[in-house]
Amino acid sequence: MRPREGTLPGMNPTTHDHPLDNVIWNAMRTVQADWARAGTLARRFRPEFARFAGMPALSAAGFGALAADMAPGEIVAMFEEGDFDPGPLFDVVERKDLVQMIGPAAGAVRDPSRFRPLAADDVPQMTALAQLTAPGPWFDRTAELGRFIGFEADGRLVAMAGERMRVPGHTEISAVCCHPDWRGRGLAADLMRLVSQAIVARGETPFLHVLAANASAMALYERLGLRQRLRRRLTILRRNERAAQCRD
């Protein structure tokens with residue numbers, strides 16, 4: 001099939017009917033618009049919050065608009081249906097398979113009093129835990145994207161989970177992590193239940209993203225009752241020097 005005008009090889013011109021189908025774009029044009037750098041062809045989260053970028057539909061003009069808003073060397077991540085060519089303004093750093101899962105986390109929380117909401121004073125410990133366990137991207141103000149809950153031992157944060165992207169009717173569970181010394185005790189599952197319960201109490205549906213290669217995490221989420229909804233390609237892009245030359 002011949003690509004439509006303005007597209008590059010691998011770009012899918014189809015529309016997205018469900019808000020989670022193009023979740024990054026829909027989050028930035030609705031609930032989380034205040035956290036985004038706005039545009040009609042492309043948007044990205046402000047980099048202190050997240051490094052996600054999205055478009056209503058992939059296009060050469062969209063990648064041009066995105067490049068114009070980025071400095072050389074900056075990185076963004078996109079969730080798309082398959083591999084695509086971003087054109088001459090970006091280099092592809094990495095591609096990975098991603099699974100989107102949806103549904104409330106089932107089961108009772110054992111001793112909910114063990115856990116507490118995390119606040120601004122906890123951000124240094126949250127950042128240290130995220131850097132140690134690598135549950136996903138974490139930046140200076142990621143903790144402000146939603147509500148986070150944690151578990152402490154001897155005054156030290158050793159497990160947490162929270163919220164990230166939001167679209168109308170849905171909130172993403174994210175940053176589920178546990179210190180290696182405290183794994184195998186059900187903390188991650190209970191933290192997911194608590195975050196999920198709060199989302200459901202607001203009349204919303206929880207969802208999350210997990211790398212397809214992370215079989216243990218997917219197995220945990222399925223045991224908790226989440227189901228696979230769709231698969232995407234996580235594509236990491238770096239703005240290159242050619243973008244700067246085009247802008248100048």
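The values are calculated or read from the model by the stated rules, or taken from the named source; none is laboratory data. What you see is a predicted model; the values in this text were computed from it and never measured. Cβ: placed from backbone, ideal geometry, glycine included. Neighbour counts: every protein chain shown. For the accessible areas, the whole protein counts, side chains as well, though only heavy atoms, and no ligand, DNA or RNA atoms are used. Shrake-Rupley method; radii C 1.70, N 1.55, O 1.52, S 1.80 Å.
Summary table below
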quantity	calculated
Residue check, Gly73 open to solvent by less than 20 Å² (accessible area, probe 1.4 Å) and touching a helix residue (DSSP H, G or I) at 6+ places or on another chain (Cβ under 9 Å)	no
Qualifying residues in segment 135-157 (those that are under 13 Å from the mean Cα position of the chain (by Cα) and either under 24 Å from Ala215 (Cα atoms) or in contact (Cβ under 8 Å) with a residue 40 or more places away in the chain (or both)) - the one surrounded by the fewest Cβ atoms within 10 Å (Cβ to Cβ)	Phe139
Among the residues listed as Pro104, Pro86, Pro124, the single one being open to solvent by 70 Å² or more (accessible area, probe 1.4 Å) and in contact (Cβ under 8 Å) with a residue 60 or more places away in the chain	Pro104
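Per-residue answers, yes or no, for (1) in a loop (DSSP other than H, G, I, E, B); (2) modelled with pLDDT under 95; (3) touching a strand residue (DSSP E or B) at 6+ places or on another chain (Cβ under 9 Å):
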position	(1), (2), (3)
Arg2	yes, yes, no
Thr7	yes, yes, no
Asn12	yes, yes, yes
Arg44	no, no, yes
Ala61	no, no, no
Leu66	no, no, yes
Met78	no, no, yes
Pro86	yes, no, yes
